[in-house]
Every structure is written in structure tokens, then in C-alpha cells.
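The values are calculated or read from the model by the stated rules, or taken from the named source; none is laboratory data. Being a predicted model, the structure only gives us computed values, none of them experimental. Every residue, glycine among them, receives a Cβ derived from its backbone with ideal geometry; neighbour counts consider all protein chains shown.
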Amino acid sequence: MRPVSFLKGKVMAKSIIEMFVVEYSRSQNCFHVESVGEMLAKNRRMLLDGESIFTDYIPVALFATEQEASAEYYRLRKAVNEQGFSQETWDNIILP
């Protein structure tokens, strides 16, 4: 089985925290885009505030730019909305 996470894009970010992640929540059946820095800061805030940091959002793609991440977000959202969620759909849309 190939890994679900993959790196795309030709332009390298200055650091990992400036890169953008596409995440998916199966319970909400939705995708989300944010920078790695924002994702980590949010998790740290929840931890320091004593909130549960449980989330079913999982990173599924990593990009150098927000534009690339947004394009993938729309592609994935469209595919899941049209085909429904299944392992076969997931394998077809997420794996390179």
C-alpha cells in the first residue's frame, strides 16, 4: 500500500511551517487547508488551554504554496462528493 501523505509542488517553502497541509475529517466528510505553522499553533493552544486535542482531521497532502493546496482541496472535495467515500474512491483520488 502506498502512503497517503505526499509532497507536491515545485516551489520550496522557506521552512516547513510555511508549507500548507490539506487535511480530511471523515466524521465531518470535509477537507481543510491551513499552513503547517497554523496547524501546530492551534494544537499547542488547545493543549495549553487544557482542551482535548482529539481530532479526526488527518493530513493527506503537503504543498509549498497555499494556491497548490487549495487546488488539491477542490479536486479532492469534488471527487469525494461525486463518488462518495470508499477505500476505492480514496485510493483513486489521493494516491499519486
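Let's see how each residue does on (1) loosely packed, with under 11 Cβ neighbours inside 10 Å; (2) small (Gly, Ala, Ser); (3) under 14 Å from the mean Cα position of the chain (by Cα):
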{"position": "21", "(1), (2), (3)": "no, no, yes"}
{"position": "24", "(1), (2), (3)": "no, no, yes"}
{"position": "29", "(1), (2), (3)": "no, no, yes"}
{"position": "33", "(1), (2), (3)": "no, no, yes"}
{"position": "42", "(1), (2), (3)": "no, no, no"}
{"position": "46", "(1), (2), (3)": "no, no, no"}
{"position": "50", "(1), (2), (3)": "yes, yes, no"}
{"position": "59", "(1), (2), (3)": "no, no, yes"}
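Mind checking which pairs have a first residue in the stretch 14-26 that is under 16 Å from residue 40 (Cβ atoms) and in contact (Cβ under 8 Å) with a residue 12 or more places away in the chain and a second that is of a type in the set (S, T, N, Q) and assigned to a loop (DSSP other than H, G, I, E, B), Cβ under 7 Å, 6 or more apart or different chains?
Note: pairs meeting the criteria are 20/65.
So which residues in the stretch 66-96 are at pLDDT 70 or above and under 13 Å from the mean Cα position of the chain (by Cα)?
66, 68, 69, 70, 71, 72, 73, 74, 75, 76, 77
Which residues, taken from the stretch 10-60, are of a type in the set (Val, Ile, Thr) and modelled with pLDDT under 80?
Filtering the stretch 10-60 down to residues of a type in the set (Val, Ile, Thr) leaves 11, 16-17, 21-22, 33, 36, 53, 55, 58, 60.
Correct list: 11, 53, 55.
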